[in-house]
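Engineer: Sharing a structure with you now.
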């Protein structure tokens with residue numbers, strides 16, 4: 001017996017077919033959820049323990065952190081945290097690769 005499930009997500013397509021106890025997953029990711037875009041900036045980003053630290057943030061910076069699947073992990077505005085600081089520390093639950101968007105700039109960081 002064969003069961004097939006198909007889905008169209010963000011312009012990409014995925015399908016799952018199962019035969020008996022065997023499953024096959026095919027993914028056609030023609031459109032990424034988040035594109036990697038890095039421009040020259042003074043922003044410093046690094047991972048320390050289970051957190052992502054950003055330094056030299058501009059005033060009123062909007063910071064969003066996404067995991068590899070494009071799920072929003074954290075969303076903060078620098079003026080909500082501390083108006084006198086240009087640093088922000090964001091805790092993360094699991095190790096892995098993350099995309100950090102500061103205003104319109106996207107950077108990636110690995111938490112090990």
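Derivation of every value follows stated rules applied to the coordinates shown; laboratory data play no part. Predicted model, so just to flag it, every value in this text is computed and none were measured. For neighbour counting, all protein chains shown are included, and Cβ atoms are generated from backbone atoms with ideal geometry for every residue, glycine included.
Engineer: How many nm separate the modelled label positions at residue 68 and residue 97, each set 7 Å beyond the Cα in the direction of the Cβ?
Structural biologist: Result: 0.6 nm between the two label points.
Engineer: Any idea how far apart residue 55 and residue 75 come out in nm if each label point goes 7 Å out from Cα toward Cβ?
Structural biologist: With each label placed 7 Å out from Cα toward Cβ, I get 2.9 nm.
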